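Notes for the one structure printed next.
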Amino acid sequence: MVNFFLFCFTEDSSKYKVSSPQNQTTDTKSKSTTKTMQPSSTSMSPKYSKRTRHASDASRGDSDSSASSVRGTSPNKRLQSPSRTSSPHRLGFRSSTSSTNSVASNSSKSSSSSLSSDHSAMSMSSTPPSSSSASSSSNSTPESSRKYGTDTDDDSPPVGRKPKGGFSESSGLVGLRNIGNTCFLNSVTQCLSNTRCLLEYLVKEGYSSDINTSLSTMKGDLIRAFGNLISEMWTEGDSNRALNTGPFKTQIQKFAPTFTGYQQHDAQEFLRKLLEGLHEDVNRVTVRPRPIHTDIDDDLSDDQKAMESWKRYLRFDDSKIVNMFVGQLKSSLQCSHCSHTSVTFDPFWDLSLPIPPKTGTVRLNQCLDLFTKEEVMDGDERPTCSKCKERRKMTKSFSIQKFPQVLVLHLKRFSPTERWRGKLSCTVEFPVENLDLSKYASSSRSSCNYNLIGVANHSGTTYSGHYTAFCRHPYSLQWHEYNDSRVTPIPARRVCSSEAYVLFYELSSASKL
C-alpha cells in the first residue's frame, strides 16, 4: 500500500529536509506564505464513540467522517457529531440565501497557495525544524520551554476606541506564531478567541471558580493555559506582535496525546478535543453519578421527553462550555407497518454536513437538504418497531429541539471511503447574517437565527495544505484574516470561499430574547 504522508512549512523557515519511506532525503524550498497540510485519515485521530440511538441501529458504523481525519471523540465521550450514514437520524436546516445576506467568493484561490504533492510518499518530522533548516531560531525551540513570546508583523489595524465590554476595537488583533505545523491550532484558536461568550468567560476569569479538581483529567491546567493565551491576545500592547502558543500546546497534548509532536492535524478534530478538555476542566459534576438504565416513559409528550433526556445528559456533563456549544436533536423513526413513530433526543456539539458531489457553487441549504433527506431503512438496516416488537421497514428524520448559543458546522470536503476522489473544492455559499433555521426546529417556540462569527479555512489538497481563519471582531464587527502571525482586515465579501471548512455561527441577539 502506498503510504501518503503530510508535510508543511512554518513561516520563517528557508529549507526543510523531508525523509521518504526509503530513508532518502530531499530538500524543499519554502514559499513566501505559510504552508501546511491536511492530515491523513489513517494516522490522525481516534475513532468516534458511537452515539446512542435506537437500539436496533447500534451496529451501524460512522462512514461519513472527514477523509482527512477520523474525527475525535466528543466532549461527552458517548456522543458523536451527527452523520448522515452513521445513525437513523440526520439534522438540517434551510438558510435564507438572499443576495443581501449571502456572499460568494470572487475567486476560489487563496492568497496562501497550496503545496503540490510529491510523487513519492513524504513523511512528517516528529520534531520542529532545527536551526540549520529554519531561519528563525524560535521555531526550533521546544514549545514546552517557552513563555508566551512575541515577534513582529507589519500588517495590523490601528488602535481603536473602547466599546462597551472593556475591550478596544483593536484588541484581539494578534497573530499566533507557527511553531511547527500548528496552523490548524492557530486557526481554531482565533475563531474561539472571537467568540464573545467564550472570550469574556475566559478573560474575566469566570472559569476560576468552576474548575473541577476531582473528575477532570487536567485538574484545570488546560483551561488555565488556554485562558492565559486568550487573555494575552486581548491585552493592550504592541499591535504588531505575534504570540507563541507553546505553553497551551504543551497542555493540550497532555490531554490529547494525538497532538504530541509537530505533525499536522485536522482543525475540526482539534476543535472537538479542545472543547472536550475545556468542558471537562469546568464540569460542574464533581461526583460521578450512577447511570440511569430505564427508558424514558413513552407516554410523555415529545417536549417532556426532550426535557428528561436533557436532564439525564446534564447529570454527567454540565458546564458553561456545554451551555455555549451543545444543542439537542430530535430524531424520529416511523414504522411503515403500524405508522407508530418513536423519538429519541441526543445532544450535539457540531454538525457535519455532506457536500453534493458537483462542481461549481452550491448553497449551504443544499448541503443541509442532503443531510436531512428522509431516508428509508430496510433490509439489514431495518430497526425494531417499539410497538410491533418486530423489525420493520422505517423512515427516519431529524429536527432541532434545542439550538446552541454557538453553532458549529463542519463542511465535509474529504471522503473517508473514496480516497482517490480528493478534496471537494467547490464554493459553498453561506449567509453571513440572518441564518434562519426555523423551518427545521421541532418547536415553533425555538429561537433559531444566527450570524456568522468565524470560518476556519483549508487551502490545498488532501495531502498538503494550510489553515487560516476569517473572524468577525466581537466588538467592532469588522472582519479580519488570521494567517498565523499575520492579521489583516478584509471585506465581508471575501468571507465565503471554496476553502471554508468549519463555520462558527452565534445565536443573534433577537433570538436570545
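The values are calculated or read from the model by the stated rules, or taken from the named source; none is laboratory data. In this text, all values refer to a predicted model and were calculated from it rather than measured experimentally. With ideal geometry, Cβ positions are generated from the backbone for all residues, glycine too; neighbour counts draw on all protein chains shown. For accessibility, only protein heavy atoms count, side chains too; no ligands or nucleic acids. Shrake-Rupley method; radii C 1.70, N 1.55, O 1.52, S 1.80 Å.
Note on the range 247-269: residues that are in contact with a Gly (Cβ under 8 Å, 6 or more places away or on another chain), open to solvent by less than 20 Å² (accessible area, probe 1.4 Å) and either in a helix (DSSP H, G or I) or on the phi > 0 side of the Ramachandran plot (or both) total 2. Under the condition of being in a loop (DSSP other than H, G, I, E, B), open to solvent by 10 Å² or more (accessible area, probe 1.4 Å) and touching a residue at least 24 places away in the same chain (Cβ under 8 Å), the residues counted in the range 456-484 number 7. If you go through the range 486-504 one residue at a time, how many are open to solvent by less than 10 Å² (accessible area, probe 1.4 Å), out of contact with any Ser or Thr (no Cβ under 7 Å at 6 or more places or on another chain) and not β-branched (Val, Ile, Thr)? Of the residues in that region, 3 qualify. Of all residues in the range 347-364, those being more than 22 Å from Gln405 (Cβ to Cβ) and either of a type outside the set (S, T, N, Q) or modelled with pLDDT of 90 or more (or both) number 9.
Conditions tested, residue by residue: (1) modelled with pLDDT of 95 or more; (2) under 21 Å from the mean Cα position of the chain (by Cα).
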| position | (1), (2) |
| --- | --- |
| Glu205 | no, no |
| Ile211 | yes, no |
| Met218 | yes, no |
| Ile223 | yes, yes |
| Phe226 | yes, yes |
| Leu229 | yes, yes |
| Glu236 | no, no |
| Ser239 | no, no |
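Within the range 360-393, the residues that satisfy the criterion of being under 21 Å from Lys330 (Cβ atoms) and among the polar types (S, T, N, Q) are Asn365, Thr372, Thr384, Ser386.
With respect to Glu280, is the statement that it is surrounded by fewer than 21 Cβ atoms within 10 Å (Cβ to Cβ), more than 16 Å from the chain's Cα centre (by Cα) and charged (D, E, K, R) true? No; evaluated as a whole, the condition is false for this residue. Open to solvent by 10 Å² or more (accessible area, probe 1.4 Å) and under 16 Å from the mean Cα position of the chain (by Cα): is that true of Lys273 in this structure? When the stated conditions are applied, Lys273 passes them.
Pairs, please: C-beta under 6 Å, at least 6 apart or cross-chain, first residue farther than 30 Å from Glu506 by Cβ and open to solvent by 40 Å² or more (accessible area, probe 1.4 Å) and in the range 379-408, second acidic (Asp, Glu) and part of a loop (DSSP other than H, G, I, E, B)? Between residues of the range 379-408 that are farther than 30 Å from Glu506 by Cβ and open to solvent by 40 Å² or more (accessible area, probe 1.4 Å) and residues that are acidic (Asp, Glu) and part of a loop (DSSP other than H, G, I, E, B), the close pairs are Lys393/Asp378.
Output yes when any residue across the range 482-499 is closer than 19 Å to Glu200 by Cβ and either of a type in the set (Phe, Trp, Tyr) or under 17 Å from the mean Cα position of the chain (by Cα) (or both), and no when none is. The answer is no; no qualifying residue exists.
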